[in-house]
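The values are calculated or read from the model by the stated rules, or taken from the named source; none is laboratory data. Being a predicted model, the structure only gives us computed values, none of them experimental. Every residue, glycine as well, gets a Cβ built from its backbone with ideal geometry; the counts of neighbours run over all protein chains shown. SASA here: full protein model, heavy atoms, side chains in, ligands and nucleic acids out. Shrake-Rupley method; radii C 1.70, N 1.55, O 1.52, S 1.80 Å.
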Amino acid sequence: MKNIEQKINEFVSNNFYPGAVIKIDINGKDLYYSSFGYSDLENKKPMKKNQIFPIYSMTKPIVVVACLLLIQDGLLSLDTKVSDFYSNFNQNMKIKNLLNMTSGITYSWSAKNNIEKQIEIEEQIETNNYNLHEIIEMISKIPTEIEPGADWIYGMGIDVLGGIIEKVSGIKLSTFLKEKIFYPLKMNDTDFKIKDLNRKPVKYNLDSSNGYKLIRNENYHWMMPEDLTKIPNCCLGGSGVFTTASDYNKFLNFLLCGKIENKEYLDIKYLNEMTSNQITNLKNIKIFDLNEEYQYGYGVRVRTKNNVFPLTEVGEFGWGGVLGTTSLADPKNKVVMSFMVSVYPGNNMLVEKELFDALYKDLKDKKLI
């Protein structure tokens, strides 16, 4: 995979990241799996393939699947009102609005109004003094930015969905995900805590004020408690999971078929809904820094056309995290990819353009697609 290797080595040599892990599968089998650079730059510890990363928003598609499992079992529907579980929310807000980011619930950085209240909630999460339902009650008292369904605004809707999953299932979100997703898929290194601190790479800040310089930041725990070795009181379905590239690829491969050990686990119709454009009523929506051919499904970007760089494939989907991690799944060619780094800001635009381009060049050069 010469283009992939060249591009990631370029990222590392330019100080965008101290190191990275990438895993690419095709037809459910390992195609390429490698690590680059260092997990600890100052002490020259090489990055290893089994490093455990905080994936932040790459948690969202996992919780979407958890919700779809409940819908499949008839315990929820897309039209279920959020106020059935948390009475302060807008009466017109439905489960679908949480899934496709049209609820009007924000993060502090995506809000135009009530920013200070949102920041306070995010800081309360870090104290670990509140459970998920207490945090959601705080969120529910902040007026939504829009009437549900009127616009796409990235926010804590999937976190609210996690609370609904807890109420419907009667168990903690972390336990539900273990029992229904992580254990069945043998995602043994995936959890709302770090199972082995020795495998956690050092997190760095990227200072671009004068060139590019990586600054060590071992105490980073935005929207997480300081002790990352214990399951938090508030398990955030939008950002709280730690995993490896290998584990996340198991999840991505599942999203292509809905099967575990060749047995249907989630009806493919639900996965097709998740990975198709679910904001068709909204016009001229820009999904962050992705090109204009991407729209949004449930917890994932969705490619609707394939004319603009980087050329991938119509139907390609995935999502990234605030520290630079990203994922890609291509249903047509049965290709999945997990890219793991731990830097803020994560240069997601760079990865989701130049790395995706390199991936498809290599796949075409090897005549795999």
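Please give the FRET efficiency for residue 212 paired with residue 30, using the beta carbon to beta carbon distance and R0 = 35 Å, rounded to the nearest 0.05.
Computed FRET efficiency for residue 212 and residue 30: 0.65.
Taking the Cα centre of segment 233-328 as origin, sum charge times position over the Cβ atoms of Lys and Arg (+1) and Asp and Glu (-1), and report the length of that vector in debye to the nearest 20.
120
Choose one of 90, 208, 249: the residue whose Cα lies farthest towards the positive end of the charge dipole of the chain (beta-carbon charges +1 Lys, Arg; -1 Asp, Glu; about the Cα centre).
Working it through, the farthest residue towards the positive pole turns out to be 249.
If I compute solvent accessible area with a 1.4 Å probe over the protein chains, what percent of it on segment 27-70 is carbon and sulfur?
47
Quick one: net charge of residue 98's neighbours, Cβ under 15 Å, K/R +1, D/E -1?
My count for the surroundings of residue 98 gives -3.
For the chain, with the dipole built from +1 on Lys and Arg beta-carbon atoms and -1 on Asp and Glu ones, taken about the Cα centre, which of 28, 339, 311 lies farthest toward the positive end?
28
Could you check the spin-label model distance between residue 307 and residue 289? Points 7 Å from the Cα along Cα→Cβ, value in nm.
2.5
Accessible area per residue for the chain in Å², computed with a 1.4 Å probe and the full protein assembly in place, what is it?
41
Hey, got the dipole for segment 23-121? About the Cα centre, +1 on K and R Cβ, -1 on D and E Cβ, debye to the nearest 20?
Computed charge dipole of segment 23-121: roughly 260 debye.
Would you kindly work out the equivalent ellipsoid of segment 58-132 from its C-alpha gyration tensor and give its semi-axes, the square roots of five times the eigenvalues, largest first in whole Å?
They are 24, 15, 13 Å, listed largest first.
Using r as the Cβ-Cβ distance of residue 83 and residue 259, and R0 as 41 Å, what FRET efficiency do you calculate, to the nearest 0.05?
FRET efficiency, residue 83 to residue 259: 0.70.
Taking the Cα centre as origin and putting +1 on Lys and Arg beta-carbons and -1 on Asp and Glu beta-carbons, what dipole magnitude results for the chain, to the nearest 20 debye?
The calculated dipole for the chain is roughly 1020 debye.
Tell me the Rg and the Dmax, in Å, that the Cα atoms of the chain produce.
According to the Cα coordinates of the chain, Rg and Dmax are 19.4, 55 Å.
How big is the convex hull of the Cα atoms of segment 8-128, per residue, in Å³?
Dividing the Cα hull volume of segment 8-128 by its residue count gives 206 Å³.
Name the long-range amide H neighbours of residue 191: under 5 Å, sequence gap of 5 or more, or other chain; modelled H, no Pro or chain starts.
242
At R0 = 25 Å, how high is the FRET efficiency between residue 199 and residue 116 if r is their beta carbon distance? Nearest 0.05 is fine.
Efficiency at R0 = 25 Å is approximately 0.10.
Go ahead and estimate [θ] at 222 nm for the chain from helices alone: -39,500 (n - 2.57) per DSSP H run with n ≥ 4, summed, over the residue count, rounded to 500.
After summing the helix terms and dividing by the residues of the chain, the value is -8000 deg cm²/dmol.
So, with a 1.4 angstrom probe, what is the percent of accessible area on segment 153-193 that is carbon and sulfur?
The nonpolar share, carbon plus sulfur, comes to 47 percent.
Can you pull the percent of segment 208-366's accessible area that's carbon plus sulfur, 1.4 Å probe, other chains left in place?
Percent of accessible area from carbon and sulfur atoms in segment 208-366: 47.
Select from 24, 71, 158 the residue whose mean-square fluctuation is largest in a Gaussian network model of the chain (Cα-Cα springs shorter than 10 Å).
The residue with the greatest mean-square fluctuation here is 71.
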